[in-house]
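J.: Have a look at the structure that comes next, please.
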């Protein structure tokens, strides 16, 4: 069997869902399990209405709810036709009645909690998966809806819940495997699950990819397909560099590094369950299904190019912590990272010298409070509007003089931090945010002017 995950743009309207149905129809012999995201922009709208309700803006929240209701009704009506939609209408209506009631309750209390935020956010995937399942059934694809909250078991860390794999695998065998054996096409929402107590949770933004990989691993899938609106993983962001090219095959490690450092095609955690079961992941384009996309495997051919791709992560802040007399003292570095942990600020790149530690973090509202906390330990400075540039490739392990080649191209640029060696497959450095386009274009021209046809399209 295979797992096919369709992202928000691949189920954003009736036309997109029709395309998805056609793609699934072509794979019926391979016993697909289909995982869908919320329709494009729906999760953002749900979170906006939750925030409005929490601020006591009931009318604004309910107005957004009605607009979403109309969009979903219109999509379902277009897909199902009058007779089938009349039967399905009450099922959708019940979801929106529950959402309306929830928003009114949040507004009355005047507070939005992480637990309630997860419940509001879950409606996007619930609605899209029900509509897609009904559309598949109407087209003779034996589509059947499976509530992911009855399958994906998580802990109770709301908004970023941690999947409990053993419990989830048991549920998959109980609720999904029998449907496959009956020739059904299970359709499930990504991103959502529930705690052991049965309370709705979400596994973080972008978690639909993760859900697909968890389900694929639990069902021992032959492959996991991630259907998006691009042809696969590219050598860099095509909006920055028009010369970007598709990567035919890439290793799990390389894909994970790229995803973490800014490549938006794939959620970083997606690869983890697949790695453990050695299941290949394919990134494919629902707008161009004939394209072979990108295959992600445990081991990929290295090819003749030094790098596989270049990624950039913007909105970065550098935090400098200087304490000449304390740096080498026992427990000092631990105290620094404990401060980051208390403020729930993740660190990307770390650089140390004899007298200071520099760290990069995503720019967010917690940084001033974090800096004030760190100031109890040492002198602290922080600077925003920076970006991380990451060059990834397994050939880095065996090729001498790489750093010299890279930084010779950037001799006129101010490089703030450099990191190489932690994973052996990436070279990372920090620059001014507004220099990202020029830096990527220069590096892409240098390292991707000639491409190995085995690895690149």
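Read the figures in this text as sums done on the coordinates, not as results from a lab. Model, not experiment: these values are computed from the prediction. A quick note on method: Cβ atoms are made from the backbone with ideal geometry, for glycine too, and the neighbour counts reach across all protein chains shown.
J.: May I ask you to derive the FRET efficiency for residue 95 and residue 167 from their Cβ-Cβ distance with R0 = 41 Å, giving the value to the nearest 0.05?
T.: Working: r = 26 Å, r/R0 = 0.63.
Efficiency, rounded to the nearest 0.05: 0.95.
J.: For the stretch 96-252, list log₁₀ I(q)/I(0) at each q in 0.12, 0.13 Å⁻¹, using the Debye formula over Cα point scatterers of equal strength and ignoring solvent, two decimals each.
T.: For the stretch 96-252 at q = 0.12, 0.13 Å⁻¹, log10 I(q)/I(0) is -0.64, -0.73.
J.: For helix 207-218, report the angle its Cα long axis makes with the longest principal axis of the Cα atoms of the chain; keep it between 0 and 90° and round to the nearest 10°.
T.: Long axis of 207-218 versus the principal axis of the chain: about 80 degrees.
J.: Report the percentage of all Cα-Cα pairs in the chain whose separation exceeds 39 Å, rounded to a whole percent.
T.: Values: 28852 of 104196 pairs.
Percentage above 39 Å: 28.
J.: I would also like to ask the following. Could you tell me whether the stretch 279-368 comes out rounded, prolate or oblate from its Cα gyration tensor? Rule is a ≥ b ≥ c as square roots of the eigenvalues, rounded for a/c under 1.5, then prolate if a/b exceeds b/c, otherwise oblate.
T.: Verdict is prolate for the stretch 279-368.
J.: Nearest 5 is fine: what % of DSSP beta bridges in the chain come out antiparallel, could you say? Numbers along the way, then the final one.
T.: On the way: 42 of 69 bridges.
Looking only at bridges with both residues in the chain, the antiparallel portion is about 60 percent.
J.: How large is the Rg to Rh ratio of the stretch 157-250 when both quantities use alpha carbon positions and Rh follows Kirkwood? Don't skip to the end; give the middle numbers.
T.: On the way: Rg = 16.6 Å, Rh = 15.6 Å.
With Rh from the inverse mean 1/r over Cα pairs, Rg/Rh is 1.07.
J.: Could you tell me the center-to-center distance, by alpha carbons, between the stretch 126-161 and the stretch 282-350 in angstrom?
T.: That distance is 31 Å.
J.: Evaluate the distance, in nm, between pseudo-label points positioned 7 Å from the Cα of residue 115 and of residue 199 along their respective Cα→Cβ axes.
T.: Between residue 115 and residue 199, the simple spin-label model gives 0.3 nm.
J.: Sort 298-307, 371-380, 276-285 by the packing proxy (mean of other Cβ within 10 Å over each peptide's residues), most packed first. Mind showing how you got there, number by number?
T.: On the way: 298-307: 17.6, 371-380: 15.8, 276-285: 19.1.
Highest-to-lowest ranking by the protection proxy: 276-285, 298-307, 371-380.
J.: What are the radius of gyration and Dmax of the stretch 262-317, computed over its Cα atoms and given in Å?
T.: Answer for the stretch 262-317, Rg first and Dmax second: 13.7, 41 Å.
J.: Residue 242 label point, 7 Å along Cα→Cβ, cut-off 16 Å on backbone N: hits in the stretch 423-457?
T.: Residues 438, 441-442, 445 qualify, since their backbone N sits under 16 Å from the label point.
J.: Each label point is 7 Å from the Cα along the Cα-to-Cβ direction; what then is the distance between the points at residue 385 and residue 405, in nm?
T.: Going by the 7 Å Cα→Cβ label model, 3.4 nm.
J.: Simple spin-label model, 7 Å along Cα-to-Cβ: residue 59 to residue 451 in nm?
T.: 5.4
J.: Once the convex hull of the alpha carbons of the stretch 36-77 is built, what does its volume come to per residue, in cubic angstrom? Mind dumping the intermediate values first?
T.: Working: hull volume 2.2 nm³, N = 42.
It is 53 Å³ per residue.
J.: While we're on this one: Relative to the longest principal axis of the chain, what angle (0 to 90°, nearest 10) does the C-alpha long axis of helix 14-25 take?
T.: Orientation of helix 14-25: about 90 degrees from the principal axis.
J.: Something else about it: Compute the acute angle (0 to 90°) between the alpha-carbon long axis of helix 42-54 and the principal axis of greatest extent of the alpha-carbon atoms of the chain; round to the nearest 10°.
T.: 90
J.: Quick one: P(r) of the stretch 214-266 from all Cα-Cα pairs, 10 Å bins, percents rounded to integers, in order of increasing distance.
T.: Binned Cα distances yield the sequence 21, 50, 24, 6.
J.: Let me ask something else. Using only Cα atoms, what Kirkwood radius does the stretch 2-229 have, in angstroms?
T.: Values: mean 1/r = 0.0572 Å⁻¹.
After inverting the mean inverse Cα-Cα distance, the result is 17.5 Å.
J.: Still on this model: As a test of the formula, what do you get for the chain when each DSSP H run with n ≥ 4 contributes -39,500 (n - 2.57) and the sum is divided by the residue count, at 222 nm and rounded to the nearest 500 deg cm²/dmol? Write out the running numbers ahead of the final one.
T.: Working: 13 runs with 185 residues, N = 457.
Only helices count here, giving -13000 deg cm²/dmol.
J.: Per 10 Å bin, what is the whole-percent P(r) computed from every C-alpha pair distance within the stretch 198-339?
T.: Bins of 10 Å from zero give 11, 33, 27, 17, 10, 2, 0 percent of pairs.
J.: For a quick check: sort 419, 220, 211 by the number of other beta carbons within 10 angstrom, fewest at the front. Display every interim value, and only then the final one.
T.: On the way: 419 18, 220 12, 211 31.
By the 10 Å Cβ count, ascending: 220, 419, 211.
J.: While we're on this one: Please compute the Kirkwood hydrodynamic radius of the stretch 309-447 from all pairs of different C-alpha atoms, in Å with one decimal.
T.: Result for the stretch 309-447, one decimal place: 16.0 Å.
J.: Between the stretch 25-76 and the stretch 361-403, how far is it from one alpha carbon centroid to the other, in angstrom?
T.: 35
J.: Could you calculate the contour length gain from residue 174 to residue 29, that is, 0.36 nm times the residue separation minus the distance between their Cα atoms, to one decimal place in nm?
T.: Details: separation 145, 0.36 × 145 = 52.20 nm, distance 2.18 nm.
Taking residue 174 through residue 29 to full extension adds about 50.0 nm, to one decimal.
J.: Can you give me the convex hull volume of the Cα atoms of the stretch 1-72, divided per residue and expressed in Å³? Walk me through the numbers before you get to the answer.
T.: Numbers: hull volume 5.3 nm³, N = 72.
It comes to 74 Å³ per residue, whole-number rounded.
J.: Once the Cβ-Cβ distance between residue 364 and residue 139 is put in as r, and R0 is 45 Å, what FRET efficiency do you end up with, to the nearest 0.05?
T.: On the way: r = 44 Å, r/R0 = 0.99.
Calculated transfer efficiency: 0.50.
J.: Highest mean first, how do 116-128, 45-57, 382-394 rank when packing is the count of other Cβ atoms within 10 Å averaged over residues?
T.: Order by mean packing, descending: 116-128, 382-394, 45-57.
J.: Using a 10 Å cut-off on Cβ atoms, rank the peptides 231-242, 93-104 from the highest mean neighbour count down.
T.: Numbers: 231-242: 19.3, 93-104: 15.6.
Averaged packing, sorted descending, gives the order 231-242, 93-104.
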